Amino acid sequence: MQRILVIDDDPAVTSLLKRGLSYEGFAVELAESGETGLALARDRPPDVVILDIMMPRLNGLDVLKRLRAADPRLPVLFLTAKDAPADQVQGLEAGADDYVVKPFTFEVLLARVRVLLRRQQEERPPTLHFSDLTLDTGTHVVRRGQRQIALTSLEFKLLHELLMHPQQVLSKEVLLDRVWGYDFGGNANVVEVYVKQLRQKLEAEGETRLIQTVRGVGYALREE
């Protein structure tokens, strides 16, 4: 299930999007402020962000800048009442992937969201890199430097998820949802077990640790 984060301080808009996008099979999270949205994006990375520009305290342009700093590839769609051509140019030049003006038609917005998700899938690099770690999504070959590492399917999926969000902290709940699936009925400690196994394989020849524990939050792919 793909996750959509809506950051907008208008409850009428967020209620409509929650209802409509959920009906279309998406997992939808709502944030009424830029600060809350950034916290949700950090704790549970979304697949797409729908973002208002005119919000108190932290406006949409500032939120976009911080989202981009954390994940340059995250699709972001501005949904805003700022309809002047100059506003649209400013939003797109700031890094938004699309721009929809309020009032809007839900079917049009849905089509735009699906295009962004499809584009993200098509543009996803076949090989992911972090430090001296590489993961080939086509051949499922994982290496530290020149050393090839044999992983189980779940270890591969877990490492792939971490590599898709380098530097970001992913909670156990997010990893359970994305690696094991929403219908997984096991113990959340399974994440700790698999992280330990991954570390043993990635550090088998004395390599530096790349999977860091962020106490009370989760795990992040970072250099020490």
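The values are calculated or read from the model by the stated rules, or taken from the named source; none is laboratory data. Please read these numbers as outputs of a predicted model, since none were measured by experiment. When we count neighbours, we look across all protein chains shown, and the Cβ atoms used for this are built from the backbone with ideal geometry, even at glycine. Keep in mind that these areas ignore ligands, DNA and RNA; they rest on the heavy atoms of the full protein, side chains included. Shrake-Rupley method; radii C 1.70, N 1.55, O 1.52, S 1.80 Å.
What residues of the stretch 88-119 lie in the reach of a label at E24, counting those whose backbone N is under 18 Å from a point 7 Å from the Cα along Cα→Cβ? Residues passing the 18 Å test: 97-119. The accessible area of V191, taken with all protein chains in place and a 1.4 Å probe, comes to roughly 0 Å². Relative to the dominant Cα principal axis of the chain, helix 190-202 is inclined by about 60°. Is the shape of the stretch 52-132 rounded, prolate or oblate, going by the alpha carbon gyration tensor and its root eigenvalues a ≥ b ≥ c, with a/c under 1.5 for rounded and a/b larger than b/c for prolate? Judged from the Cα gyration tensor, the stretch 52-132 comes out oblate (a/c at least 1.5, b/c at or above a/b). Only protein heavy atoms count here; under a 1.4 Å probe, T14 has an accessible surface of about 10 Å². Derived scalar couplings between HN and Hα for the stretch 207-219 equal 5, 5, 6, 10, 8, 9, 8, 9, 4, x, 10, x, 10 Hz in order, rounded to whole Hz, by the Karplus curve 6.51 cos²θ - 1.76 cosθ + 1.60 (θ = phi - 60°), x for Gly and Pro. For K157, the aspartates and glutamates whose Cα falls under 13 Å of its own Cα, not counting residues fewer than eight places away in the same chain, are D136, D177.
Restricting to the chain, what percent of DSSP beta bridges are antiparallel, rounded to 5?
Numbers: 17 of 33 bridges.
Taking every DSSP beta bridge within the chain, about 50 percent pair in antiparallel fashion.
Placing +1 on the Cβ of every Lys and Arg and -1 on the Cβ of every Asp and Glu, with nothing else charged, gives the chain a dipole about its Cα centre of roughly 480 debye.
Kindly identify the stretch 93-143 as rounded, prolate or oblate by the Cα gyration tensor criterion: order the square roots of the eigenvalues as a ≥ b ≥ c, call it rounded if a/c is under 1.5, otherwise compare a/b with b/c, prolate if a/b is larger, else oblate. Intermediate values should be presented prior to the final figure.
Details: a/c = 5.81, a/b = 2.57, b/c = 2.26.
Prolate.
Of the beta bridges in the stretch 1-123, as assigned by DSSP with both residues counted there, near 0 percent are antiparallel. Solvent-accessible surface of the chain, taken per residue with a 1.4 Å probe and all protein chains present: 50 Å².
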